[in-house]
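Undergrad: If you scroll down you'll find the structure; I have some questions about it.
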Amino acid sequence: MTQALELARQGVGLASPNPCVGAIVVDERGRIVGRGVHQYAKRKHAEVLALEEAGPLARGNTLYLNLEPCCHSGRTGPCTEAILAAGVGRVVAAMRDPNPLVGGKGFEQLRHAGVEVSEGVLEFEARKLNEAFTHFIRSGAPFVTLKSAMTLDGKIAVAPLNPAAGKGSTTYITGASALRQVHRLRHASDAILAGIGTVLADDPELTDRSELPRRRPLLRVILDSHLRIPIDSRIVASAADDLVVFCLDAADAKKDEKKHALEARGVRVEQIPSAPEKRFPDLQCGLDWLGKMQITSLLVEGGARVNWAFLKAGAVDKIFLFYAPKILGGGTSVSFVSGEGFGAIAEAAQLRDLSLHRYGEDFAVEGYLRDPYASAECFSRPAGAGARVRENHPE
Ligand code: AOF
Ligand code: ZN
């Protein structure tokens with residue numbers, strides 16, 4: 001299963017909007033006789049590829065894969081049928097397919113036909129790999145990860161973000177190793193979002209510079225209620241069907257003109273209704289729109305105001321916060337979350353399932369804002385999930 005999961009990870013950036021799936025066929029002497037990795041562009045599901053490679057050697061033998069085989073017809077036929085046709089004796093899977101069209105029925109069909117089925121092997125790792133797919137296939141909206149890099153005292157910049165401060169003045173707070181991880185996070189995401197404040201202050205590109213393969217370009221999303229985005233910003237200059245600006249739907253001539261100017265440069269401008277009593281786009285409407293575009297995961301690299309808007313709206317599924325061993329201090333320096341705050345410790349956003357990572361001198365905290373098992377009736381809660389803190393020292 002470890003090897004099947006390793007294969008599945010090769011699908012990061014290539015499988016979305018489908019899940020990352022890896023499969024191996026093992027013969028009675030324990031030798032691997034077939035391997036498969038699912039890539040959306042290549043259509044075929046992982047187990048079909050592994051069975052094709054194994055040919056007659058699949059008969060009576062074991063198929064390991066990180067996701068329950070599908071039993072429905074989508075862009076391909078049901079994998080359960082391919083498994084039965086190949087005469088596989090035993091299927092070992094890490095987790096159920098959260099797709100309601102499958103959701104346990106794949107296992108049922110196999111068992112019914114006399115195949116031995118084991119499920120739940122390395123389920124924790126498997127669920128993590130496909131956490132975005134799981135969220136997307138059930139909600140129709142992307143899984144949201146809020147990422148930020150800050151000093152130990154939670155500061156992301158020296159003074160209030162100010163357009164007059166000059167463009168590209170950002171100095172990275174964290175080091176090279178943390179930056180590589182940021183690009184791995186971007187690579188694993190279908191879309192990235194920042195606020196207009198960040199565009200005006202930093203003139204960022206918001207591109208995936210991981211150099212890892214991806215099927216679709218990283219969709220860049222800017223929250224810009226009043227279309228203040230400069231036509232000569234680096235992000236607009238580099239737009240190639242991969243930039244969308246969410247603005248508010250107040251119609252006025254000046255805004256219309258800007259909209260057309262942006263569209264002429266290949267920028268998609270989407271008017272999003274405002275959240276009740278606020279001059280801010282309704283984030284859930286924006287997320288639903290992204291879901292319709294088959295965006296399964298969104299990385300929010302917000303800026304203080306956007307971070308607050310997402311947290312306040314309860315729109316964050318996961319955080320990935322980088323800390324540099326520095327203390328900036330200062331009453332006017334910018335905290336990673338602004339806004340009015342939650343008001344009481346009891347109301348604060350509470351993180352769970354924490355992992356701690358080290359990147360050179362820096363470290364990161366990864367954690368979840370929702371109970372991933374609360375709404376997923378088809379999953380068993382792995383032993384120890386909930387309060388555990390994992391420590392990772394990858395580099
Ligand atoms: C598997 N093996 O490798 C993958 C599965 O439109 P389709 O035919 O590609 O079906 C997509 C659905 O199939 C997807 O939502 C998920 O439920 C399942 N993905 N299943 O047995 C695979 N990629
Ligand atoms: Zn399938």
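The values are calculated or read from the model by the stated rules, or taken from the named source; none is laboratory data. On a predicted model such as this, the values are computed, not experimentally measured, just so you know. A quick note on method: Cβ atoms are made from the backbone with ideal geometry, for glycine too, and the neighbour counts reach across all protein chains shown. Calculation scope for accessible area: heavy atoms of the full protein, side chains included, ligands and nucleic acids excluded. Shrake-Rupley method; radii C 1.70, N 1.55, O 1.52, S 1.80 Å.
Undergrad: For segment 9-58 and segment 64-100, what is the separation of their Cα centres, given in Å?
TA: That distance is 11 Å.
Undergrad: If each residue of separation counts as 0.36 nm, what is the full-extension length gain between Arg180 and Glu52 once their alpha-carbon separation is subtracted?
TA: Between Arg180 and Glu52, full extension yields an extra 42.4 nm.
Undergrad: Another question, then. Could you please state how large a percent of the accessible area of the chain is carbon and sulfur, counting protein chains only and using a 1.4 Å probe?
TA: That share works out to 53 percent.
Undergrad: Work out the count of Lys pairs in segment 131-389 where the Cα-Cα distance is under 20 Å, with the pair 8 or more places apart or on different chains.
TA: So the count of such lysine pairs works out to 10.
Undergrad: How about Lys105: which lysines have a C-alpha closer than 21 Å to its C-alpha, ignoring those fewer than 8 places off in the same chain?
TA: Lys44
Undergrad: Moving to a separate point now. If you count only protein heavy atoms with a 1.4 Å probe, what accessible area per residue comes out for segment 59-211, rounded to a whole Å²?
TA: Per-residue value: 40 Å².
Undergrad: Of Ile235, Ala253, Ser355, which is farthest on the positive side of the dipole of segment 131-389, counting Cα position, with +1 on Lys and Arg Cβ, -1 on Asp and Glu Cβ, and the Cα centre as origin?
TA: Working it through, the farthest residue towards the positive pole turns out to be Ser355.
Undergrad: Using Cα pairs closer than 8 Å and at least 6 residues apart in sequence, work out the relative contact order for the chain, in percent.
TA: Normalised by residue count, the contact order of the chain is 16 percent.
Undergrad: Any idea what the relative contact order of segment 2-129 is, in percent, if you count C-alpha pairs under 8 Å spaced at least 6 apart?
TA: Reported relative contact order: 20 percent.
Undergrad: Also, I was wondering about something else. Excluding ligands, DNA and RNA, what is the solvent-accessible area per residue of segment 216-328 at a probe of 1.4 Å, expressed in Å²?
TA: Heavy-atom accessible area per residue stands at 45 Å².
Undergrad: Follow-up question, since we're still on this one. List the GluC sites (Glu not before Pro) within segment 201-291 that DSSP assigns to loop and that have no more than 13 neighbouring Cβ atoms inside 10 Å.
TA: Glu205, Glu211, Glu277
Undergrad: So, one more: Rank Val37, Ile327, Gln294 by how far each Cα sits towards the positive end of the charge dipole of the chain (+1 on Lys, Arg Cβ; -1 on Asp, Glu Cβ) and give me just the farthest.
TA: Most positive-ward Cα: Val37.
Undergrad: While we're looking at this one, here's another question. Give me the distance between the Cα centres of segment 188-226 and segment 326-355, rounded to whole Å.
TA: 23
Undergrad: Could you tell me the center-to-center distance, by alpha carbons, between segment 240-319 and segment 138-156 in angstrom?
TA: Rounded to whole Å, the Cα centres lie 16 Å apart.
Undergrad: Still on this model: Summing Lys, Arg as +1 and Asp, Glu as -1, what charge do residues with Cβ under 12 Å from the Cβ of Thr2 carry, Thr2 excluded?
TA: Around Thr2, the charge tally is -1.
Undergrad: Grab the Cα-Cα distance for Ser139 and Arg215, subtract it from 0.36 nm times how many residues apart they are, and report the gain in nm with one decimal.
TA: Computed gain between Ser139 and Arg215 is 25.1 nm.
Undergrad: OK, next. Once label points are set 7 Å from the Cα along Cα→Cβ at both Ala240 and Ile327, what is their separation, rounded to one decimal in nm?
TA: 4.7
Undergrad: At Met293 and Gln3, where each label point lies 7 Å from the Cα along Cα→Cβ, what is the point-to-point distance in nanometres?
TA: Between Met293 and Gln3, the simple spin-label model gives 4.0 nm.
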